[in-house]
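Please read the structure below before turning to the comments.
The values are calculated or read from the model by the stated rules, or taken from the named source; none is laboratory data. As the structure is a prediction and not an experimental result, all values here were calculated from the model. Reconstructed Cβ throughout: ideal geometry from the backbone, glycine too, with neighbour counts over all protein chains shown. Note: areas computed on protein heavy atoms with side chains; ligands, DNA, RNA excluded. Shrake-Rupley method; radii C 1.70, N 1.55, O 1.52, S 1.80 Å.
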Amino acid sequence: GEVKNAEFFDKLPDNVTEGAAETTVKGAMFKKPLFEFSGACAGCGETPYVKLISQLFGENMVIANATGCSSIYGGTFPTIPYTTSKEGRGPAWANSLFEDNAEFGFGMRVAIDNNREILKQNVNLALEKGADADLKAAFGKSLELWESKGKDAVAAQNAIKALLPKAIASASADLKPVLVKVLEFQDYFVDKSVWILGGDGWAYDIGYGGLDHVVAQGRNVNILVLDTE
């Protein structure tokens, strides 16, 4: 009987905010956490913060995690507390050395920005070379929402993904390699939210020089320092 109860519970809709905006404290708390069931010590004061950012940004998150407590409860094989939504979207997580995590996360930001630029160039090239009407409209919608990370931007990205295989199959010899390149970078129509996580030993001590330099670059990265001692 409990199996059926569990199946019923798992099929309930996620992110029902009861009309509260997701940008409010109440609305955010109704969102599905994409960080759950960690192996942290009982009463750990760090994990609620990680859970909260997964609720707010989890579907677009890319995480650079310094070695320390947060990397142990965040990615101990064979289990990992980061999860995905029913649509398969969730945080992408990687662990760096203790001393270079800021630079590690900064590299993620630079790579994502470069990939998005390559994607935009090829989308514009595909439009010039005569993409079909449906794909042209889908490209236009995504370019219009280029700076958005909302549901409308995700829907526009998914629409392009659905159209690309057929468009590639019927494309001219001139257009086909351009669409193949768009297919390669199709997950970058929606920008990523880059998070650099780590403890105070990394951020205030051995990794401070790197952290200071990354902050000085003025690039779009988010930094969470977990200091609960």
Practice problem: Please list the equivalent ellipsoid semi-axes of the chain, computed as the square roots of five times the alpha-carbon gyration tensor eigenvalues, in descending order and whole angstrom. | Solution: 35, 25, 15
Quiz prompt | Label-to-label distance, nm, for residues given as Q186 and Y204 (7 Å Cα→Cβ offset) | solution = 4.7
Quiz item: Using a basic spin-label model with each label point 7 Å from the Cα along Cα→Cβ, how many nm lie between A92 and E2?
Solution: 3.8
Quiz item: Based on the Cβ-Cβ distance of T79 and S148, what FRET efficiency does E = 1/(1 + (r/R0)^6) give at R0 = 41 Å, to the nearest 0.05?
Solution: 0.75
Practice problem: Would you mind calculating the relative contact order of the chain from Cα pairs under 8 angstrom and at least 6 residues apart, reporting the percent as a whole number? | Solution: 23
Practice problem: With springs only between Cα atoms under 10 Å apart, run a GNM on the chain and tell me which of S148, S96, S170 wobbles the most. | Solution: S170
Quiz item: Which GluC sites (Glu not before Pro) does the stretch 14-121 hold that lie in a coil by DSSP with at most 10 other beta carbons within 10 Å?
Solution: E18, E87
Practice problem: Can you tell me the 0 to 90 degree angle between the C-alpha axis of helix 101-128 and the longest principal axis of the chain, rounded to 10? | Solution: 10
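Probe radius 1.4 Å, ligands and nucleic acids ignored: give me the carbon and sulfur share of the accessible area of the stretch 108-229 as a rounded percent.
Numbers: 3200 of 6320 Å².
Reported share for carbon and sulfur atoms: 51 percent.
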Quiz item: At what distance in nm do the modelled label points of K166 and L125 sit from each other, each positioned 7 Å from its Cα along Cα→Cβ?
Solution: 2.5
Self-check item: Non-local Lys pairs in the stretch 96-229, i.e. 8 or more apart or on different chains, that have alpha carbons under 17 Å apart
Solution: 26
Quiz item: Relative to the first principal axis of the alpha-carbon coordinates of the chain, what is the inclination of helix 47-57, with its axis defined by its Cα atoms, in degrees from 0 to 90 and to the nearest 10?
Solution: 20
Quiz prompt | Full-stretch length increase - M29, N114 - with 0.36 nm per residue and alpha-carbon distance subtracted | solution = 27.2 nm
Practice problem: Take the chain, connect every pair of alpha-carbon atoms lying under 10 Å apart with a spring to form a Gaussian network, then pick out the residue of A102, A137, A203 with the largest mean-square fluctuation. | Solution: A137
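Taking the DSSP beta bridges in the chain as the whole, what percent of them are antiparallel, to the nearest 5?
5
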Exercise. Quote the charge dipole size of the stretch 97-143 about the Cα centre in Debye, to the nearest 20; the model charges only the Cβ of Lys and Arg (+1) and of Asp and Glu (-1).
Key: 340
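May I ask you to give the solvent-accessible area per residue for the chain, in square angstrom, as obtained with a 1.4 angstrom probe? Please list the in-between numbers first.
Values: 12740 Å² over 229 residues.
With the other protein chains kept in place, the chain gives 56 Å² per residue.
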Self-check item: Cα-only Debye scattering, the stretch 1-104: base-10 log of I(q)/I(0) at q = 0.12, 0.13, 0.23 Å⁻¹
Solution: -0.47, -0.55, -1.28
Quiz item: Any idea what % of Cα-Cα pairs in the stretch 111-159 are farther than 19 Å?
Solution: 24
